[in-house]
Amino acid sequence: MPLLLGFRLVARRPARAVLNATGIATVGIAVGAALILRAQPPHGYDLGGITLVNLRDDQTERAVLAVTAALLALAVVNTIIITWTTARDARRSLAVARAFGATPGQVTAALAVAQIPSALGGAIFGLPLGLLLHRTVSAGPTLTSPPAWWLAAAGAGLTLSVAAIATIPAVFDARVPVTPVLKAETA
């Protein structure tokens, strides 16, 4: 039941799904760039037995981490707002589904499932674009690619995080009583 309701919500508002996918792809770009940056071997300076750390690499890694954290925070807010507006727009159809036997938990799961296709699409496009961005702006002749499981874990983490964050507004909206929602639409 949650899958059917969730995919129905996505089909009703495809532009909203594209908007969410774009936001997640932006985060995926930053995460992909951070992963390829992290995969690079450390560069240091050997001074005859003393090795100095390259401070520029350290500062670059901190800056990319800060930008990634800021984009993650923005994605959290974006996911909450998109899920909340999806729930508000679909309040009547979800109330009808609840009147026919769907539980509030199933409605919450449907709202979370509605965010998964766009999150998965954003992660699939964003992570490789982040790798490509880093390769494009990097001055080094050779770059070490991150392991494939890092990218898979990052994509799965982004997708599952969006689904988990989407449950926050979904829980609140699924608890609205059915009768006032249906009466408000007929009056």
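The values are calculated or read from the model by the stated rules, or taken from the named source; none is laboratory data. Being a predicted model, the structure only gives us computed values, none of them experimental. Reconstructed Cβ throughout: ideal geometry from the backbone, glycine too, with neighbour counts over all protein chains shown. Ligands, DNA and RNA are stripped out before the accessible areas are found, and what is left, the full protein with its side chains, is counted by its heavy atoms. Shrake-Rupley method; radii C 1.70, N 1.55, O 1.52, S 1.80 Å.
In table form, for the structure just shown:
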| item | result |
| --- | --- |
| Segments classed as helices (runs of 4 or more DSSP H), wholly inside segment 78-187, with at least 2 members that are in contact (Cβ under 8 Å) with a residue 24 or more places away in the chain, under 22 Å from residue 40 (Cα atoms) and not small (Gly, Ala, Ser) | 116-137, 148-174 |
| Residue that is surrounded by the fewest Cβ atoms within 10 Å (Cβ to Cβ) [pool: residues in segment 25-54 that are under 30 Å from residue 169 (Cβ atoms) and among the small types (Gly, Ala, Ser)] | 34 |
| Verdict on residue 132 being open to solvent by less than 40 Å² (accessible area, probe 1.4 Å) and of a type in the set (A, V, I, L, M) | no |
| Failed item, numbered, when residue 105 is tested on (1) under 20 Å from residue 26 (Cβ atoms); (2) out of contact with any Ser or Thr (no Cβ under 9 Å at 6 or more places or on another chain); (3) open to solvent by less than 50 Å² (accessible area, probe 1.4 Å) | (1) |
| Residue in segment 55-73 that is open to solvent by 50 Å² or more (accessible area, probe 1.4 Å) and under 12 Å from the mean Cα position of the chain (by Cα) present | yes |
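Yes/no per residue for (1) at pLDDT 90 or above; (2) under 18 Å from residue 2 (Cα atoms); (3) not aromatic (Phe, Trp, Tyr):
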| position | (1), (2), (3) |
| --- | --- |
| 51 | no, no, yes |
| 55 | no, no, yes |
| 78 | no, no, yes |
| 98 | no, yes, yes |
| 102 | no, yes, yes |
| 106 | no, yes, yes |
| 111 | no, yes, yes |
| 118 | yes, yes, yes |
